[in-house]
Amino acid sequence: MEKINVEERAEKARQLFHEGYNCAQSVVLAYSDLFDLDPSLASSISAPLGGGMGRLREVCGAVSGMFMIAGLYYKNDAPADMAKRKQVYTAVQDLAEKSKAQNGSIICRELLGLDHKSDTPTPEARTEAYYKRRPCADYVASAARLIGEKLNQEISKE
């Protein structure tokens, strides 16, 4: 894998979010080409993670999308391979800490300043007012940047 233009990927993720993809989809789609992942499949498998996992407002979808890309990179597909599993979990914990340091939390409701645990499953319309009160595009770009930096670290070791 060649070195990644992190800022280009972060802006691509931001743009995808503004096109209407949820936070998880935006991050996954910004990197799916690197793993020969069909965009329709990438969008479908990451769709449930938007809104902090189906609007439950738990782990931020952008963070979940970042973790999915880590999983594609580190490839832990053999259940008995504990060394690979540790490698994936180490990467996830590192990315989570970096995301917390940058944004204050990895929990959707905390990032959005919500005082309730979950929302109805009905997504909000993406209007100008929505984008003005929701910092999600910034969190999407942040997650895309963090995973890009992580991938570049790993690529430089190869």
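Bear in mind these aren't lab numbers, they're just calculated from the coordinates by the rules spelled out. The model shown is predicted, which means the values in this text are computed figures rather than measured ones. We place every Cβ from the backbone using ideal geometry, glycine too, and count neighbours over all the protein chains shown.
Principal axis extents for the stretch 6-157, Cα atoms only, whole Å, descending order, please.
So the extents along the principal axes, rounded to whole Å, are 44, 27, 26.
222 nm [θ] for the chain, helices only, -39500 (n - 2.57) per DSSP H run of 4+, per residue, to 500?
-20000 deg cm²/dmol
Can you list the aspartates and glutamates whose alpha carbon is less than 17 Å from that of residue 3, not counting same-chain residues fewer than 8 positions off?
Of all the aspartates and glutamates, those that pass the test against residue 3 - Cα under 17 Å, at least 8 places apart if same chain - are 11, 33, 36, 149, 154, 158.
What is the spin-label model distance, in nm, from residue 11 to residue 78 if the labels are put 7 Å beyond Cα along the C-beta direction?
4.1
Please enumerate, by chain and number, the lysines with C-alpha under 20 Å from the C-alpha of residue 100, excluding those fewer than 8 residues away in the same chain.
Cross-link targets: 117, 150.
Using alpha carbons only, how many degrees (0 to 90, rounded to 10) separate the axis of helix 6-18 from the longest principal axis of the chain?
Rounded to the nearest ten degrees, it is 30.
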